[in-house]
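This report refers to the structure that appears directly beneath it.
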Amino acid sequence: MVQYNFKKITVVPTGKVFIDIILSRTQRQTPTVVHKGYAINRLRQFYMRKVKYTQTNFYEKLSAIIDEFPRLDDIHPFYGDLLHVLYNKDHYKLALGQINTARNLISKIAKDYVRLLKYGDSLYRCKCLKVAALGRMCTVIKRIGPSLAYLEQIRQHMARLPSIDPNTRTILICGYPNVGKSSFINKITRADVDVQPYAFTTKSLFVGHTDYKNRTYQVIDTPGILDRPFEDRNIIEMCSITALAHLRAAVLFFLDVSGSCGYTIAQQAALFHSIKSLFMNKPLVIVCNKTDLQPLDGISEEDKKLVMEMKAEALKTVLGQGGEAANDEGVLLTMSTLTEEGVIAVKYAACKRLLDQRVEIKMKSKKLNDCLNRFHVALPKPRDQKERPACIPQAVLEARVKQASETEKRKTERDLENENGGAGVYSASLKKHYILANDEWKEDILPEILDGHNVYDYIDPDILQRLEELKRDEGLRQAEDADDDFEMDGQELTPDEQKALAAIRKKKSLLIQQHRIKKSTAESRPIVPRKFDKEREFTSERMGRQLSKLGIDPSLAIERVRSRSLSKRVTPGDGFKDSTQKGSALKIAKKSTKKRNKNARRGEADRVIPTLKPKHLYSGKRSSGKTDRR
């Protein structure tokens, strides 16, 4: 589990942005309307609230910055020294101290001005005190602007640091620059470290993860180290020294036996002896890399002697009984990251050495006795020398044999392909599983497109049945049309019926002619009310004559028409019976519009709600000469 996650630290704003955030929030979250007619206690409370709210926001923001940044004395020594190497512990503490001082100063300023506001005797005096309080707070924030910018740079750099767990199983790779450390971590993990044929390609710590016996191991690639005094080493080298000093890990010291890295074996041995104090109580493996260019047996006697001395020193660091090494297996290994020869062996050796050491440390701890007291391992003892093999009933054995003989392996398409010439010769048939009435139809070739049309669109299994239904419907329609064409010839009618039929046909023809005349002049003919009908075509007398010819008494119909015409008669004037009715109607109309006119509405349907407080008149607080809103 990663103990520290520096990526969650909140962004540190600059001084100007900090002030804008706080003052904008104060403007939005506190009341903004005040008048000089208010009571003096209300004015004091109004401005005291603004000062207190601003101080609270400043305090919360600054406290969040102080709490989120790690304290070097409270975190793991590895992270403490790493941050000291990268950022200088003194500058880091000084910046956080200035933030803390600013927080206390703002609290003190707010306290003093709230006390003064309690004795403010006018709106002007209270407003001046509020402006002075907020101005002094902003001045304090402006003075710590460089510290805020410095902490923001540190936050960005810390967010890019690898997530290293100091307490988990760790393999540490170290050595001279350009000896193959990054190539090795790329081979055994998913890390993608840049590899170039020049020194100091790796400038910081890189982390990868690998598995061994169902356990995850953390692999750390460190920058190259040069053999020079401790005071002369730069920040890149100090990152490696810090990891070696504080992480409990298995150390792989890489040795370039070919000399292609630009450093001889003697120089690499001198570096090993200068930092060997950092290897104590850690599993150490000497890895001779680039054996594809120069095998270990082909080096000179002097170089072999130096390598053997390094091996002897590595054996001393093995944690064994009495401080002596149990064996020298896995202490000196050879490999080549180019050909990948021996890479897995080095990984397994380092993981095994580290696992053995962790188990041995736990076995020597006091917690082991507490755990062993809770366990009891029972071991069964044989009661005699007689062997008792497993007894399987004979019926079960016969059933197994029968099932194995009956079960035939189903041939797959891959088996058929291998039997018929392999890939490129055998082509699997997609039609052999079709479900058809006759299996001989499966391989028939059916055209998909014929004459530019999709054949499937014209296939219908019920086409014959549908054809019979169409023929039946067509016969019924023809029979109905024959019945509709029948006309009465009049030969089977009586003389009276023949006269009535002739009168009906004559009337029908006249109506048709009149309709055609009206239709031809419909566009230019005006619509005339019936009372202005000059031709007198639609009159009650004419209706009475027609009804009398039909043998119907027309008196009731004529009375009904005349009664309706009387009810619709309009009295002369403006539509009123007399001047009294007209005066009362106008009075009622005037009274109904009185309320509407008072509310400035155009009519009864006017539902407009005007803007009671226009934004341009009631938003913001701008003094003379100011046009920017906050």
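The values are calculated or read from the model by the stated rules, or taken from the named source; none is laboratory data. The model shown is predicted, which means the values in this text are computed figures rather than measured ones. Cβ sites come from the backbone with ideal geometry, for glycine too, and all protein chains shown count toward neighbours. Accessible surface is based on the protein model in full, side chains and every heavy atom, while ligands, DNA and RNA are left aside. Shrake-Rupley method; radii C 1.70, N 1.55, O 1.52, S 1.80 Å.
Brief remarks follow.
- Apolar share of the accessible surface for the chain: 54 percent from carbon plus sulfur atoms, 1.4 Å probe.
- Helix 343-364 vs. the chain, principal-axis angle (Cα, 0 to 90°, nearest 10): 80
- For the residue pairs Lys409/Lys431; Lys16/Lys50; Lys352/Lys381; Lys16/Lys108; Lys36/Lys108, the C-alpha atoms sit more than 26 angstrom apart in Lys352/Lys381; Lys36/Lys108.
- Per-selection Kirkwood Rh - the range 170-366 (Cα, Å, 1 d.p.): 16.8
- Antiparallel DSSP beta bridges within the chain, as percent of all bridges there, nearest 5: 35
- Here is how the number arises for the chain: DSSP H runs of 4 or more residues each give -39500 (n - 2.57), the sum is divided by the residue count, and the result at 222 nm is -16000 deg cm²/dmol.
- Residue-normalised accessible area of the chain, expressed per residue, 1.4 Å probe, Å²: 72
- Test item: Cα-centred dipole of the chain, Lys/Arg +1 and Asp/Glu -1 on Cβ, debye: 8760
- Between 0 and 90°, nearest 10: helix 77-87 axis offset from the chain longest Cα axis: 80
- Phe254 sits among other residues whose Cβ lies under 12 Å from its own Cβ, and their net charge, with Lys and Arg +1 and Asp and Glu -1, is 0.
- Protection-proxy order for peptides 505-512, 250-257, each taking the mean of Cβ atoms within 10 Å per residue, highest first: 250-257, 505-512
- Summed residue charge, Cβ within 12 Å of Ala269's Cβ, Lys/Arg positive, Asp/Glu negative: -2
- The residues neighbouring Lys442, those whose beta-carbon lies less than 11 Å from its own, together hold a net charge of -2 under the Lys/Arg +1, Asp/Glu -1 convention.
- Packing around the peptides 16-27, 227-238, taken as the average count of other Cβ atoms within 10 Å per residue, puts them in this order, highest first: 16-27, 227-238.
- Of the listed residues Lys7, Lys595, the order by accessible area with a 1.4 Å probe, largest first, is Lys595, Lys7.
- Cα point-scatterer Debye curve for the chain, base-10 log of I(q)/I(0) at q = 0.10 Å⁻¹: -1.10
- Of Ile236, Ile286, Thr210, farthest towards positive along the dipole that unit charges on Lys, Arg, Asp, Glu beta carbons give the chain: Ile236
- For Arg400, the accessible area of its heavy atoms, probed at 1.4 Å with every protein chain present, is near 140 square angstrom.
- Beta bridges by DSSP in the range 170-366, antiparallel share as percent, to the nearest 5: 30
- Computed over the Cα atoms of the range 15-160, the ratio of the radius of gyration to the Kirkwood radius (Rg/Rh) comes to 1.11.
- Nearest 10 degrees, 0 to 90: helix 89-117 Cα axis against the chain principal axis: 50
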